[in-house]
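Engineer: Got a structure for you, questions after.
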Amino acid sequence: MSVVPVIFNNTVLRDGHQSLAATRMSTSQIATVAPELDTVGFGALETWGGATIDSGLRFLSEFPFDRLDAVKKLAPKTPHMMLLRGQNIVQYTNFPDDVVEAFVTTSARHGMDIFRVFDALNDLRNIETAVRAVKKAGKHAQGVVCYTTSPVHTPEMLIELGTQIEAIGCDSICIKDMAGLLPPNIAFQIVRGLKTRVKIPIVVHTHETAGFGAAAYYAAIEAGVDSVDTSISPFANGTGQPDTWRMLQALTGHPRRPSYDLAKLSHLREELTRIYAELAAFTSPRNEVVDNDVLIYQVPGGMLSNFRNQLKEQKMGDRFVEVMREMPYVRECLGWIPLVTPTSQIVGVQAMLNVKFGRWKSFSPEAMKVALGYYGKTPGPIDPEVLALAEKLSGKPRFVGRPADMLEPRMPKLRAELAQKGLPSDDEHCVIYAMFPQELEKLFKAREAKAAAPAPVAIAPAAPAAAPVAAPTVAATQPVIKVPSRPPLVIPGTSKKISHLALTIGGKRHDVLVEELA
Ligand code: CO
C-alpha cells in the first residue's frame with residue numbers, strides 16, 4: 001500500500017453550498033473565507049461551475065466571470081477547480097462545439113485551473129470537445145466516471161470507462177458519486193482496479209446522503225486513491241461531502257492521513273457557521289441528516305425532495321411509492337441511464353406519466369430524445385418496443401452519431417445578437433448569453449436601473465466588497481449625508497446589520513437603508 005498521504009480537495013465554495021444551501025453563497029460571503037481556505041494546503045478548491053453560475057446570475061445578480069475573478073484573486077495559491085457538464089457546459093442541453101470551446105478558453109483565461117468534465121450518460125463523445133479545449137488552454141482536464149447503481153454499471157464496466165478516459169488524454173479521473181450511493185467495498189474495487197490499469201491520478205467524489213461517504217473514502221484511500229473531496233461543516237455531511245475535520249479524525253493512525261491545520265479548520269468552521277445562518281432561508285434540516293430513502297429508492301437525495309413536491313402539484317402525492325417503484329423499469333427501458341441532472345428528471349417524469357396514464361401511454365418529449373439517441377449513447381440498450389414507439393411517434397430513426405454534430409456553430413450569431421441589443425459581445429458575455437439569455441438581459445436591466453438611480457451612494461466606511469459591482473456614476477450635486485439617527489439594526493439569527501440614513505440631494509430628502517457587509 002502506498003504511504004503517500006491522501007490529498008483533500010475542498011468543495012465548500014461549490015458543492016458544499018450547492019448541496020446544503022441551494023447554491024446561494026454570494027461572492028461577498030465567499031470573500032470572508034476564501035483567503036483562509038487558500039492557506040490550508042488543499043489539493044484544489046472547487047470554486048465555480050455546477051449550479052453556481054446559474055444561481056449566482058439568477059438569484060444574486062452576479063455576472064459569473066466576476067465571481068471567478070474575485071475568488072481567484074482572494075485565493076491565488078491553491079489550484080481552482082470547476083464542474084463542467086461536458087457538451088451541456090453548465091446547462092441541461094447540448095451546445096455546439098464552438099460555444100463549449102469558447103467557454104473553456106475564457107474560463108481558463110480567467111484563471112480556472114482544473115476542469116472536471118462529466119457527461120450524464122458517461123458517453124465520452126460528449127466530453128471530448130471540452131477536454132481537448134482544456135488541454136489546448138494548457139490546463140488540467142479531469143474526466144469523470146459517473147457512478148450509479150444498475151445491472152450494467154459493474155465495477156469492471158466503470159474501470160473500463162476509466163481506461164478510456166485516460167486514452168482520450170485526460171490528466172486525472174474522478175469517480176463521481178453524485179447521489180452518495182457508493183458502497184465502501186465497491187469504491188475499493190473500482191479504485192484498486194483503476195490503479196492497476198491507468199497511470200493518471202484518481203479522485204473520489206461522494207456525498208454523505210446515505211451515511212457512508214466517509215467509509216467509502218476510507219476504502220478508496222486503502223485502495224490507493226490519490227485524492228478525495230471534502231467540505232467544511234456546516235456546509236458538509238448530509239447531502240454534502242464528508243467534513244474535512246471528521247475525515248481527518250477517521251484516518252487517525254492511518255499511514256496515509258494527511259496533515260491539515262486543525263486550528264485553521266476550526267476557525268473556518270466558525271466563519272462558515274455564520275454564513276450558514278445568513279442563508280437560513282435556503283437550508284433545511286432534511287438535508288443535514290442521513291437518509292435511508294436514498295438507499296431504498298437509489299435516486300439522488302436532492303431529487304427525492306423535489307419530486308415529492310412535483311407529485312403533490314400533480315395531485316399524485318399519495319402515489320410516491322408507486323412512482324419510485326416505476327423508476328427502475330423506466331431506467332431499464334432507457335438503457336440504464338445514470339440518475340444525474342438532467343437524466344434524473346427525465347426518468348422521474350416518465351415514471352410519473354407511466355403511473356398516471358399507463359406505461360408509455362404518454363411519452364415525454366425528453367424521454368423520447370433519450371430513446372432516440374439525442375443525448376448520446378446509453379449505457380445499456382434501449383428496450384426495442386420503447387425504441388420502436390419513439391421512432392413511430394417522432395417519425396425519426398434512432399440517431400447514433402455524436403449529438404453535438406447535429407449543431408451548427410453559434411458564436412458569430414451570439415455576438416451579433418448581443419451587439420444588436422447594445423450589450424457587451426465579448427466571449428464572456430456570448431457564452432453566458434448562450435446558456436442564460438433572459439437572466440443575462442435581466443442583469444443588465446437591473447444594472448441600468450441602478451445606474452439611473454438618483455444618487456451615487458458613497459456612504460459609511462463599510463467593509464470593502466469582494467467583487468466590485470458596476471462603477472458608481474458621478475453625481476452633479478454632492479449628496480448631504482446625515483449620520484445614522486439610530487444604532488444599526490441587527491437581523492436576528494444573522495450577522496447582518498442595517499443602518500438608516502437620511503440623504504439630502506439637491507434639497508430633496510431620501511431615506512436609505514444601508515446593509516453592512518460582514
Ligand atoms: Co457532488
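Engineer: Sketch the reach of a paramagnetic label on Ala451 as a point 7 Å from Cα along Cα-to-Cβ, and name the residues of segment 424-439 whose backbone nitrogen lies under 15 Å away.
Structural biologist: Residues passing the 15 Å test: 424-426.
Engineer: Through the Karplus equation 6.51 cos²θ - 1.76 cosθ + 1.60, θ set to phi - 60°, convert the phi angles of segment 185-200 into ³J(HN,Hα) values in whole Hz; use x for Gly and Pro.
Structural biologist: Per-residue couplings from phi come out as 5, 6, 4, 4, 4, 5, 5, 4, x, 5, 4, 8, 10, 10, 9, 6 Hz.
Engineer: Relative contact order, percent, of segment 65-150 when contacts are C-alpha pairs under 8 Å separated by at least 6 residues?
Structural biologist: On the way: 125 pairs, mean separation 26.7, N = 86.
Computed value for segment 65-150: 31 percent relative contact order.
Engineer: Tabulate in residue order the Karplus-calculated ³J(HN,Hα) for segment 107-114, using 6.51 cos²θ - 1.76 cosθ + 1.60 with θ = phi - 60°, rounded to whole Hz; enter x for Gly and Pro.
Structural biologist: Karplus-based 3J(HN,Hα) across segment 107-114 equals 4, 5, 5, 7, x, 5, 9, 10 Hz.
Engineer: Spin-label point model (7 Å from Cα, Cβ direction): what's the Ser61 to Val3 distance in nm?
Structural biologist: Each label point lies 7 Å from its Cα, and together they span 5.8 nm.
Engineer: Sticking with this one: For the pair His254 and Lys356, what calculated FRET efficiency results from E = 1/(1 + (r/R0)^6), where r is the Cβ-Cβ distance and R0 = 51 Å, to the nearest 0.05? Mind dumping the intermediate values first?
Structural biologist: Working: r = 51 Å, r/R0 = 1.00.
Approximately 0.50, to the nearest 0.05.
Engineer: With a Förster radius of 25 Å, plug the Cβ-Cβ distance of Glu385 and Glu160 into 1/(1 + (r/R0)^6) and report the FRET value to the nearest 0.05.
Structural biologist: Details: r = 29 Å, r/R0 = 1.15.
Efficiency at R0 = 25 Å is approximately 0.30.
Engineer: So between Ser266 and Lys136, what do we pick up on full extension, going 0.36 nm a residue minus the alpha carbon distance? Can you show the working numbers first?
Structural biologist: Details: separation 130, 0.36 × 130 = 46.80 nm, distance 3.96 nm.
Extra length from Ser266 to Lys136 when fully extended: 42.8 nm.
Engineer: Now, a different point. Per residue, how much accessible area does segment 411-452 show when a 1.4 Å probe rolls over the protein heavy atoms, in square angstrom?
Structural biologist: Details: 2290 Å² over 42 residues.
For segment 411-452, the solvent-accessible area averages 55 Å² per residue.
Engineer: Can you figure out the FRET efficiency of Lys421 with Gln314, using R₀ = 30 Å and their beta-carbon distance, to the nearest 0.05?
Structural biologist: Values: r = 38 Å, r/R0 = 1.25.
Efficiency for this residue pair is about 0.20.
Engineer: Can I ask one more? Could you give me the ³J(HN,Hα) list for segment 174-184, computed from phi with Karplus coefficients 6.51, -1.76, 1.60 and θ = phi - 60°, whole Hz, x at Gly and Pro?
Structural biologist: Calculated HN-Hα couplings, in order: 10, 8, 9, 9, 6, 9, x, 10, 7, x, x Hz.
Engineer: Calculate the dipole size of the chain relative to its Cα centre from +1 charges on Lys and Arg beta carbons and -1 charges on Asp and Glu beta carbons; express the result in debye to the nearest 20. Could you put the intermediate results ahead of the total?
Structural biologist: Numbers: 56 positive and 53 negative charges, 149 e Å.
I would put it at about 720 debye.
Engineer: Taking the highest mean first, how do the peptides 181-194, 429-442 order by number of other beta carbon atoms within 10 angstrom per residue? Mind showing how you got there, number by number?
Structural biologist: Numbers: 181-194: 21.6, 429-442: 19.6.
Result, highest mean Cβ count within 10 Å first: 181-194, 429-442.
Engineer: Also, I was wondering about something else. How many angstrom lie between the Cα centre of segment 29-90 and the Cα centre of segment 183-217?
Structural biologist: Using only Cα atoms to place each centre, the spacing works out to 25 Å.
Engineer: If every alpha-carbon in the chain counts as one equal scatterer, what log10 I(q)/I(0) does Debye give at q = 0.08, 0.09, 0.12, 0.13 1/Å?
Structural biologist: The calculated log intensity ratios at q = 0.08, 0.09, 0.12, 0.13 Å⁻¹ are -0.54, -0.69, -1.18, -1.35.
Engineer: Here is a follow-up. To the nearest 10 Å², what's Lys135's accessible area with a 1.4 Å probe?
Structural biologist: 90 Å²
Engineer: To continue, here is another question. For the chain, what does -39500 (n - 2.57) per DSSP helix run (n ≥ 4), summed and divided by total residues, give at 222 nm, in deg cm²/dmol to the nearest 500? Before the final figure, lay out each step's value.
Structural biologist: On the way: 22 runs with 220 residues, N = 518.
Taking each H run of at least 4 residues, the total per residue is -12500 deg cm²/dmol.
Engineer: Once both labels are modelled 7 Å past Cα along the beta-carbon direction, what's the Leu407-Arg286 spacing in nm?
Structural biologist: About 3.2 nm separates the two model spin labels.
Engineer: Follow-up question, since we're still on this one. Among Ala70, Leu414, Ser305, whose Cα sits farthest toward the positive end of the charge dipole of the chain (+1 at Cβ of Lys/Arg, -1 at Cβ of Asp/Glu, about the Cα centre)?
Structural biologist: About the Cα centre, the residue reaching furthest to the positive side is Leu414.
Engineer: Out of the total accessible area of the chain (probe 1.4 Å, heavy atoms of protein only), what percent is carbon and sulfur?
Structural biologist: For the chain, the apolar C and S fraction of the accessible surface comes to 57 percent.
Engineer: Assuming 0.36 nm per residue, please report the length gained on full extension of the stretch Tyr329 to Ala167 beyond their Cα-Cα distance.
Structural biologist: On the way: separation 162, 0.36 × 162 = 58.32 nm, distance 3.34 nm.
Here the segment from Tyr329 to Ala167 would lengthen by 55.0 nm.
Engineer: For the chain, what does the relative contact order come out to in percent, with C-alpha contacts under 8 Å and a separation of six or more?
Structural biologist: Values: 950 pairs, mean separation 79.0, N = 518.
Taking the mean separation of contacting Cα pairs over the length of the chain, I get 15 percent.
Engineer: Among 63-75, 118-130, how do they line up from the highest to the lowest mean number of other beta-carbon atoms within 10 Å?
Structural biologist: Values: 63-75: 21.2, 118-130: 23.7.
For the peptides 63-75, 118-130, the packing ranking is 118-130, 63-75.
Engineer: Testing the spin-label approximation: label points 7 Å from Cα along Cα→Cβ at Lys73 and Val152. State their distance in nm.
Structural biologist: Inter-label distance under the simple model: 4.8 nm.
Engineer: Take the residue pairs Lys135/Lys264; Lys199/Lys369; Lys312/Lys369; Lys356/Lys392; Lys176/Lys315 and return only those whose Cα atoms are more than 29 Å apart.
Structural biologist: Beyond 29 Å between Cα atoms: Lys135/Lys264; Lys199/Lys369; Lys176/Lys315.
Engineer: Cβ neighbours within 10 Å, averaged per peptide: list 306-318, 42-54, 10-22 in order, most packed at the top. Working shown, then result.
Structural biologist: Working: 306-318: 13.5, 42-54: 24.4, 10-22: 26.8.
Per-residue Cβ counts within 10 Å, averaged per peptide and sorted highest first, yield 10-22, 42-54, 306-318.
The values are calculated or read from the model by the stated rules, or taken from the named source; none is laboratory data. In this text the structure is predicted, and so the values were computed from the model without any measurement. Cβ: placed from backbone, ideal geometry, glycine included. Neighbour counts: every protein chain shown. The accessibility values were calculated without ligands, DNA or RNA, using every heavy atom of the protein model including side chains. Shrake-Rupley method; radii C 1.70, N 1.55, O 1.52, S 1.80 Å.
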